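Here is the structure we will look at.
The values are calculated or read from the model by the stated rules, or taken from the named source; none is laboratory data. These figures come from a predicted structure and were not determined experimentally. No Cβ is skipped: glycine too gets one built from the backbone with ideal geometry, and neighbour counts run over all protein chains shown.
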Amino acid sequence: MSAAEVTSQEYIKHHLQNLTVGEGFWALHIDTLGWSIFLGLVFLTIFRSVAKKAEAGVPGKLQCAVEMIVEFVDDSVKSTFHGKNPVIAPLALTIFVWVLLMNAMDWVPVDLIPRIFELFGVHYMKAVPTTDPNMTFALALGVFVLIIYYSIKVKGIGGFIKELTTQPFGHWSLYPVNFILEMVTLLARPLSLALRLFGNLYAGELIFLLIATIGLFQLPVHFLWAAFHLLVIPLQAFIFMMLTILYLSLAHEDH
Amino acid sequence: MNLNATLIGELIAFIVFVIFCMKYVWPPIIGAIEARQATIADGLAASDRAAKDLELAQEKATAQLKEAKAQAAEIIEAAKKRETQLVEEAAEKAHAEKEKILAAGHAEIETERNQAKEELRQQVAILAVAGAEKILERSIDAAAHSDILDKLVAEL
């Protein structure tokens, strides 16, 4: 599908279309699911292969690389979260590496993967899973469930409700106002997590597509935009991880 | 925004990945890292300790060397003293021996001289007797006998 046959609007619209199976709510984005699970398996396969052979002696090169990432995540967790929790660190590692890999799909030229799939008769293919809100909301929802779970586990159900109602205003007549404010704060967390990641990557992808429509000059511009994504891609993965750690550590704090 | 069942699928994938990571990825890797950190810390502490030990040993060695030198000097001093003493003793002994030998020599000479004197005396007596006999054999003539007497005198 070349630019000569279709208008740029159609071209962009086509590229932003997910490969979908089913209708309405029960529709599944096969490309998002496929790529994200594939990248998740890449992450787990590499890390598991290192974990199986991990020993305290002199590490190999792959082990060094993996340990650098693990230590980076571990340091980030330790600098923010001071309690004991066996879930937070592996969760942060999974989020960081998985989101990083999914974001990194943005560097693959926008037409490359769709073209290859077109050869096999697949007409829609969106290769960057984090440009699909389903992906980012799934991550955010997972984190949100953990926030609620640990809030109740640490403070008890009464403590959690008390936290939602008795502040910032101390007087009983203002408890409903407090509750509304706190609920907004609480709900804003997963929403902002999901929308930030989705927004950044979706916009990045959209601009890649726009650049792809400008003809021969797209090559240097593509390079510049891809170079800029050297910042965006790791930064968004890092922010998602850091905020997850922060929200979970707030959930552990007793007032 | 097009939220649908994909979200549920991704949520399940997310949960499975996190649980897998929590069970099979994180513990061995962080365990290896921490074990290595402990090993390195131990190694550094050991090297610190070894450096301190070395310093102590060097100090000890220096002290011992000093002591040994002092002892050696003392021993040399004693040996010198003993040497002088020995030389003096030997000289004294030699002197005494010399005196003794000299005294013995003197005594021997004395006895030999006395013996010689005695022998001489005996011989003089015999000669005198022999002379008297010869004189008695002839008539006593002073002039004639003077040669005999001269001989006697010469024999003395």
Of (1) away from chain B (no Cβ under 14 Å); (2) surrounded by fewer than 15 Cβ atoms within 10 Å (Cβ to Cβ); (3) not small (Gly, Ala, Ser), A:Val145 fails just (1)
Of the residues in the stretch A:233-255, those that are surrounded by 17 or more Cβ atoms within 10 Å (Cβ to Cβ) and under 24 Å from A:Met125 (Cα atoms) come to A:Ile233, A:Gln236, A:Ala237
Which of (1) more than 21 Å from A:Ile207 (Cα to Cα); (2) more than 10 Å from chain B (Cβ to nearest Cβ); (3) touching a helix residue (DSSP H, G or I) at 6+ places or on another chain (Cβ under 7 Å); (4) β-branched (Val, Ile, Thr) is the odd one out, the single condition A:Val122 does not satisfy? (3)
Take the conditions within 60 Å of the chain's Cα centre (by Cα), assigned to a helix (DSSP H, G or I) and at pLDDT 80 or above and apply them to B:Gln122. Does it pass? no
Assuming A:Leu146 fulfils every condition listed in (1) within 16 Å of A:Ile239 (Cβ to Cβ); (2) in contact (Cβ under 8 Å) with a residue 60 or more places away in the chain; (3) of a type in the set (A, V, I, L, M) apart from one, which condition is it? (1)
For the stretch A:22-64, how many residues are small (Gly, Ala, Ser), surrounded by 13 or more Cβ atoms within 10 Å (Cβ to Cβ) and within 9 Å of chain B (Cβ to nearest Cβ)? 7
